[in-house]
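Let me begin by presenting the structure, written as structure tokens, before commenting on it.
The values are calculated or read from the model by the stated rules, or taken from the named source; none is laboratory data. Everything quoted here is computed from the prediction, not taken from an experiment. Cβ sites come from the backbone with ideal geometry, for glycine too, and all protein chains shown count toward neighbours. Ligands, DNA and RNA are excluded from the accessible area calculation, which covers all protein heavy atoms including side chains. Shrake-Rupley method; radii C 1.70, N 1.55, O 1.52, S 1.80 Å.
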Amino acid sequence: MPDLLVSLYSTQLADLKRKADDVSVSIRPALPPELHLVVNWVRENFSENWASEVAIAFTRQPVACLIAVDGGKLKGFACYDTTARGFFGPTGVDRQARGKGIGLALFSACLQAMKTLGHAYAFIGDAGPVDFYAGTAGAIVIPAPDKGIYEGMLRSMPK
Ligand SMILES: CC(C)(COP(=O)(O)OP(=O)(O)OC[C@H]1O[C@@H](n2cnc3c(N)ncnc32)[C@H](O)[C@@H]1OP(=O)(O)O)[C@@H](O)C(=O)NCCC(=O)NCCS
């Protein structure tokens, strides 16, 4: 899967933010006391590798993991600056809650946070749903011929 590049200064990001503003779930940085809940949820719903990245995101201040909460329930998460500086991800939304704009809202909030921290571009490492990133933020594939930072990485089985 390719790495992608997103400009944090493109006009498409303003459109993305407008769409995100219409999403009714709460998007906010996770709190340190929530670490065990979020890490376990990501492990159960996605993978051990992603749970490890989330644990790293919690070591940052501000916590570099945003969560989507609806009715007191965790519905999704998104991290930035975890595997490498400037990287967005991992991210995931509860299967039952997909298609309601939550992934878009998490992505938008992370990109805004990264821009505030001084990034001009975000990378999406090893991107799965390329069309999601291209459609929401105009992400383009970085034409690198190899696996970059992920070359030789040990992987847990996906859930
Ligand atoms: C990718 C993911 C986070 C999207 O979350 P979501 O809440 O379902 O997405 P949204 O409802 O915000 O979708 C926003 C737009 O992207 C589109 N979209 C959503 N998932 C998509 C996908 N997998 N491929 C292409 N487009 C997608 C939607 O159709 C929507 O487009 P529209 O505004 O034109 O209707 C979610 O499907 C998920 O958790 N997938 C499994 C984990 C994963 O692959 N994470 C990314 C790792 S790089």
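Structural remarks
- Relative to the Cα centre, the charge distribution of segment 4-149, modelled as +1 at Lys and Arg Cβ and -1 at Asp and Glu Cβ, gives a dipole magnitude of about 240 debye.
- Share of carbon and sulfur in the accessible heavy-atom surface of the chain [1.4 Å probe, %]: 57 percent
- Total lysine pairs whose alpha carbons fall under 21 Å of each other in segment 4-149 (8 or more apart, or interchain): 8
- Per residue solvent-accessible surface (Å²) - segment 4-149, probe of 1.4 Å: 51 Å²
- Coordinate range of the alpha-carbon atoms in the chain per principal axis, descending: 41, 38, 30 Å.
- Working ranking of peptides 103-112, 145-154 by packing, defined as the average number of other Cβ atoms within 10 Å per residue, highest first, is 103-112, 145-154.
- Note on Asp131 and Leu31: the extension gain reaches 32.9 nm, defined as 0.36 nm multiplied by sequence separation minus the Cα-Cα distance.
- Note, ³J(HN,Hα) from phi for segment 90-97, Karplus 6.51, -1.76, 1.60, rounded to Hz, x at Gly and Pro: x, 9, x, 10, 3, 3, 6, 9
- Extension reserve of the Leu5-Thr59 stretch, reckoned as 0.36 nm per residue once the Cα distance is removed: 16.9 nm
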